[in-house]
Each structure stands twice: as C-alpha cells, then as structure tokens.
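Everything below concerns the one structure shown next.
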Amino acid sequence: MYNYQKSNLFFYLLSLTGFFLLLEISFFIQCNKSYFYVFNFVSANLELPITLLPGILYFIVAQLSVHIGYCLLIWSVTLAMAYLCQCYRIPCKTYILGMGLWSLGMITVLMANLIYFPNSKFSLLFEVLFFHPYVTNMVWWLLLASCLFCLGLTLLCAIVFFVQSKYRMLIFLSFLSLCSLGFLFSRTLAPIASPTTAQQPNIIIIGVDSVRPDFLSFFGHKNPTPFLDQFLSQATIFKEAVTPLARTFPSWSSVLTGQHPKQMNVRSNLARQSKTQFNDSLAILLQQQGYETIYATDETRFSNIGKNFGFDRMVTPPVGLNDFLLGTFNDFPLSNLLINTLIGKWLFPYSYANRPVYFTYDPNSFLQLISPMLSEQRTKPLFLAIHFCLPHHPFVWAALSADKVPHVLTRYEQSIVRVDQQLRDFFALLTQYHLLDHAIVVLLSDHGEALALEGDRITDTKFFMSDRQQEIPRFYPPTMDDEPVNQSAGHGTDVLGLPQYRTLLAFKLYGLEPQQVSIVSGGVSLIDVKPTILSLIGVNNQYEQAAGSAISLADSILKTSAFKPLPTRHIFIESDFSPTAIRTVYPETQQIVLEGIRLFEVDPKTTRLIVKDEMNTMIINSKQYANLYGDWILALYPQSKAVYAPILVNQVTGEWTNDLSSAFARGSPAIVMLAALKDFYGEELQGRRVDTVPR
C-alpha cells in the first residue's frame, strides 16, 4: 500500500509540474510574440542547417530534466516530512502536503527569479503584485525561511533513517567516498614555476567592449573605477588611439593582424573570411616563437574570431546560430536559477557566461569559465587574448534592472563601474597563477560608444565655417538624418562621432625592462598593437612604410629607448553597415534583425552567421571614410551612388566646413588628406565625385 501511494504521489506531482511547464511556455510566447515573428522571418530568409538540431534537442531535454528534477525534490521532501509526521498512511494528507510543498517551492522559485533576475520576462508575474521593494524583500525572506525549514526537516528525517538503518555503515562509507572524490576533482593543482623569462614573457591582450576613456575616473569622470585607475597610473597610455572600424570583429582583426580592415578584407562584423589570409597574424607568429595561444570571450554572436587566427584553444560560449536561438529564448524560472552554477554550465552551455543573454548574465560566471584554463600547469609562455563584453548595449545584466535604471547613460556608467570590478578579479587570478611574473599586458577597448550626448559628433553649429551663405549641412540622406548635427549614437555608425572610435590603449610591463609611465600624445591606431608587441619581445616583422601602415610604439614605452615623438601620419577610419535601427542609443533587436538579416547566410559547418558575398558591395557603397592627420580630420559621407560630401574639422579649435574651396580649408592639409584617402581606398572611391564645393 505504501509503495502504491508513493507512486501515485509522484504521478500527481509530475502532472502538476507538466501543467506548470505548459503555463510557462504559454506566458513566454505571450511575452515574446514579436521575437517569434522575428524567428519566422529569419527562418524564411535563412537556410537553417540540420546541424542546429542536436543543440535544440539538447536544450529541450535539459529543460525537461530540470522540471523533472524539481518534481523529484518535492516528492522526496514530501515523503520525508510525511514519515516524520506519521501521516504517510493517510493518502489524502500526504497528497495535500505534497501539493502544498510544490506550491511553496514554485512560489519561492518565482520570487527568487524576481529578486536575482529582474530583467527576466517572468519577473513581471510577481513585480505587479508588490507595490514596494520592502514588501518584496519581506515576502522573499518568509518564503526562503519556510523552504529552509522544510529542507531542515528532510535532513532530520534522513538522519533518523540513517541511525535506525542496519546499513548505516555502508551508507556512511558511500557518503565519505563521494565527498573524497568531490574533493579530489575540485582541487586546483598548484601551478609549476612560470616558464616565462624576460626574453619570452607572457603576452596578455585584454579588450573591454565599448569603453569610452572619458568615462573612467582616471580621465576625470565622476564614477569611480579604482582598479583601472591604478592600472593606468602605472602604464604607458596612448590617449589619442583610435580603432580603424568601430565594431568588435574588424577591430580585433586589426589588433591581431596589424592591418587595416581594408587591407585584410574584413569590412564588417561577421565578415566572410574565406578570402582572408591570417598567416602573418600575431598568434601565428607567437606560435612560431614557442607560445601557447588562447582566445577567450563572453560574446561570440557578432565576432567570428576563431582558430584560423592562430589560436590553439578557444574559451567561449558555444558559437553559431543556436547562440541566438537558444541563448535568447532560455528564460524560464527554474533554469534561470541554475544557469550560473556548475550544473547550469553543463545543462545550458548557450546561456552560461554568455554576455548577450543579459537577463541571466553574471560577470563572475565568465571568470569561472576561464579560471581552469588560467590555472593549468604550463611548459610554454602564454599568449592570451581575452575580451570582456559587459559594457556593451543594452548595458544591463542579471543584477541591474533595465526598468529600475531606465536611463541609458546611467546604465552605461554602471556597466563601466562593474567591469572595473570584473577586471580587478581577473587580475587577481592572473596574479594567483603567476601569469604576471614576466608579462606584457595590453589593455584596450575595441571601440567606444556614442550616447547621443552633445559633442558626440565633433561638429558644433557655432563653429561652422563658410565663405558663402548656406545652411548647416546634413550628413545623411533626408530619410535617415534625424540627429542634431553635434550628436551621434552607437558605434561604427558615424566617422565624425569620434567617441565611437576613440579607444583605451595602455601597455604595462611586469618583471621586464623599466617603462615610461606616461600619457603619450599623437595619433595611433589599434593596428599598431601587433608590431609593438613583436618589438618588445625582439621579434622583427617587416611593415610597409606607407599611409595606413602600422608602426611600433615600443620607443614610447621603454625607458631605455631614446624618446621620439610620434610621427604625424594618415590614420584611416571607416564606418560599418549602419541600418537606421542601430543609429540610436535605444536600438531594437527585432528591428536590427529585420533590417539586416538579408545581409547574412549560415555557414552549414560552423552554423555561424556570415555576410553574403553579394551584399559586400552594398556594405562598401554605404561606408563613410575619414582620414585623421595631426589636428585635422577629413570625412567623406556618401550622398548618392555617385557623390560624396566632404567634412573637414580642426580637432583643436572645433572649426569645420563642407567647403574645401574656402579660405579655412585652403589653410589646412585637406588636399593632401583627400589624396591619401583616394590612394588608400583605391577603386572604392573611383568613379564617385567628391563635392569639394557645396551645391
């Protein structure tokens, strides 16, 4: 009779859990109607490969396993409490107890989801019920106390059963064996003596997404970033550094190859790489010098950095289209509570330590993902390129609610503060595992971010210069230009939005030659990182001395070098494809997908999104170009298929014009800069007129 009651109880609990799962799915669909529309739109415009299916099936099995696991937990606790209360012989009382515990547990799960994952769609269920945070906290602690009480009674029952059981010694030995195995597997082996020397130090490039240097307290911002301040105060900083293209994949490609996106044919995020050669990349050259090469990041959706760049290993969330599909849609209360645990790492790999899954992303999870790699015993020096994406839009994560902090500027500031803490903890790991005994550390941002602040485009109406009466020029076609002339938004959308292109770039040497701790003026580009690192470790690598070429910055870093001012050089930047949806500080993911999806196709082997060959011409035709030369910047904005409009700006005075025949322009190097642009971009600017005189 007892076994029959137990099996019936489990069946009832399982039925209740299944009904709740259906309610979850129904609520999820209601909250995400627009995203399901996008999914249908995407599937209609992309040929989805069969290789996506295993990941989808695994996700379904994982969700079912979590819900069945919850059912088993409630069933076990119910039986234990029924045994203690001596009510298991009365089926009605046992069933009522089971249903009550199931309800208490599920309400607690929903409350925990509200407390720890306020950006989850399911948080809306409870948020409307509580009118004040104090009420929410009070209810949460009451629920938590009730659940702990029930678990305590279960533990008491287990102890009573153990004491009374004739197999207690066998149970004890089994438990002791499991604990011993867990201890052995969880131990971190002490690292061996560092294999690095002053001649072959570890090389660590740390990228932080979307960081504007002027939002760090080191450069005067109000919000404190103590760790970054300390690092920068002991480093060589290049304060006028820019990225050649303000998007993650082209920017990192330039860092690793020492080439401009134009030179390596990586002109946008998710660019096809079949025609690109990486034989001379930094990672491959360091492999030849005996280095172990590793790339790590917490975002792989729009940056197709892979082993083809010369990396022995990748430490990332899984790559491919399933990242978009499963990572975005995995928002269920039970799985949310598990995602940032070791169990969640195994069950939900597309969500664990994955920055784009912002509603469950915990910055510590990425550190947990890379920690085993850092702690490994090594016989080779390490080249580690690592990218932290916390400050990327939408500037929220599991602990920061978008509803409670609705202002984008405030969220961005908070993300900078939080990534400062994340970097502090990362450097603690580097120190713990002796990776900084001898090391060259490069700290950079792949690009900045324009936030539609005044001055985010460096063209102020009061500084407009013209020899003739004319209105302030507009930079875009009338259907697209709805921004004030001195504002811009996003990154990679506007070459005169210099906060998009200004990057953090600092070098710090550990256990090596003394360095210049200083802030260096002069134009530099992220393409200069590769030759600088090679120079610092004494590896010769020839670079073409022409406009747009990389240079070594080692002379500005080492104290032993004769200091030379940085040369005045032509530094080229360009925009990416910029649909209207991303030219705002409030980009809508749905609209971005709808506007851009026809650009892409799915690689059937890797399931990565890549730009179609036939769309590359359209992307290039939409590009803006600019040349930074000393105090000047000359930008070219496409007006039609045949015409570019030039904008010339003096970065020191702020004066600017669109009339290259004016007295202001004639007193500048505009003609030389325009010739350099035409020479560098070649056929892309051939056949298109530059209106040097406004019409």
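The values are calculated or read from the model by the stated rules, or taken from the named source; none is laboratory data. This structure is a prediction, so every number in the text was calculated from the model and none was measured. Here the Cβ is made from the backbone with ideal geometry for all residues, glycine too, and neighbour counts use every protein chain on show. In case anyone asks, the SASA skips ligands and DNA or RNA and just uses the protein heavy atoms, side chains included. Shrake-Rupley method; radii C 1.70, N 1.55, O 1.52, S 1.80 Å.
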**Asked** Would you pick out the residues in the stretch 281-295 that are surrounded by fewer than 22 Cβ atoms within 10 Å (Cβ to Cβ) and small (Gly, Ala, Ser)?
**Response** GLY290
**Request:** Identify, from the list THR580, THR568, the residue that is farther than 18 Å from VAL255 by Cα and either open to solvent by less than 50 Å² (accessible area, probe 1.4 Å) or modelled with pLDDT of 90 or more (or both).
**Result:** THR568
**Asked** Which residues, taken from the stretch 1-47, are under 18 Å from LEU124 (Cβ atoms), among the aromatic types (Phe, Trp, Tyr) and modelled with pLDDT of 75 or more?
**Response** PHE20, PHE27, PHE28
**Asked** Pairs, please: C-beta under 6 Å, at least 6 apart or cross-chain, first residue of a type in the set (Phe, Trp, Tyr) and in the stretch 656-673, second open to solvent by less than 40 Å² (accessible area, probe 1.4 Å)?
**Response** TRP656/THR459; TRP656/VAL649; PHE664/THR657
**Request:** Could you check how many residues of the stretch 205-240 are acidic (Asp, Glu), open to solvent by 60 Å² or more (accessible area, probe 1.4 Å) and farther than 23 Å from GLY490 by Cα?
**Result:** 0
**Qualifying positions in the stretch 329-351 - open to solvent by 10 Å² or more (accessible area, probe 1.4 Å) and touching a Gly at 6+ places or on another chain (Cβ under 7 Å)** = LEU338, TYR350
**Request:** Please find, within the stretch 352-366, the residue that is surrounded by the fewest Cβ atoms within 10 Å (Cβ to Cβ) out of those that are within 22 Å of PHE126 (Cβ to Cβ) and of a type outside the set (Asp, Glu).
**Result:** TYR358
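Yes or no, residue by residue, for (1) under 26 Å from ASP659 (Cβ atoms); (2) touching a Pro at 6+ places or on another chain (Cβ under 9 Å); (3) assigned to a strand (DSSP E or B):
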position: ILE440; (1), (2), (3): no, yes, yes
position: LEU443; (1), (2), (3): no, no, yes
position: ARG468; (1), (2), (3): yes, yes, no
position: PRO484; (1), (2), (3): yes, no, no
position: GLN500; (1), (2), (3): yes, no, no
position: LEU512; (1), (2), (3): no, yes, no
position: VAL517; (1), (2), (3): no, no, no
**Asked** Inside the stretch 204-222, can you point out the residues that are farther than 12 Å from LEU444 by Cβ and of a type outside the set (Gly, Ala, Ser)?
**Response** ARG212, ASP214, PHE215, LEU216, PHE218, PHE219, HIS221, LYS222
**Item:** Restricting the stretch 368-413 to residues that are touching a residue at least 24 places away in the same chain (Cβ under 8 Å) and among the β-branched types (Val, Ile, Thr), the residue that is most open to solvent (accessible area, probe 1.4 Å)
**Value:** THR379
**Complete:** Result of the Cβ filter at 6 Å on the stretch 312-328, keeping first residues that are crowded, with 21+ Cβ neighbours inside 10 Å and partners that are at pLDDT below 95 and of a type in the set (Asp, Glu), at least 6 apart or interchain, is none
**Request:** For residues that are over 18 Å from MET673 (Cβ atoms), without any contact (Cβ under 8 Å) to a residue 40 or more places away in the chain and in contact with a strand residue (DSSP E or B) (Cβ under 9 Å, 6 or more places away or on another chain), tally how many sit in the stretch 613-637.
**Result:** 2
**Prompt:** more than 22 Å from LEU536 (Cα to Cα) and either open to solvent by 30 Å² or more (accessible area, probe 1.4 Å) or touching a residue at least 12 places away in the same chain (Cβ under 8 Å) (or both), is that true of GLU299?
**Reply:** yes
**Request:** For the stretch 260-278, state whether one or more residues are of a type in the set (Val, Ile, Thr), farther than 21 Å from ASP494 by Cβ and touching a residue at least 24 places away in the same chain (Cβ under 8 Å).
**Result:** no
**Request:** Report, by residue number, each residue of the stretch 429-478 that is among the hydroxyl-bearing types (Ser, Thr, Tyr) and open to solvent by 30 Å² or more (accessible area, probe 1.4 Å).
**Result:** THR431, THR461, SER466
**Search result, residues across the stretch 497-518 that are at pLDDT 95 or above and among the hydrophobic types (A, V, I, L, M, F, W, C)** = LEU498, LEU504, LEU505, ALA506, PHE507, LEU509
**Complete:** When restricted to GLN421, GLN414, GLN368, the only residue closer than 22 Å to ASP312 by Cα, within 18 Å of the chain's Cα centre (by Cα), polar (S, T, N, Q) and in a helix (DSSP H, G or I) is GLN368
**Asked** With (1) modelled with pLDDT under 95; (2) among the aliphatic types (A, V, I, L, M); (3) not in a loop (DSSP other than H, G, I, E, B) as the list, and ALA428 as the residue in question, which single condition is left unmet?
**Response** (1)
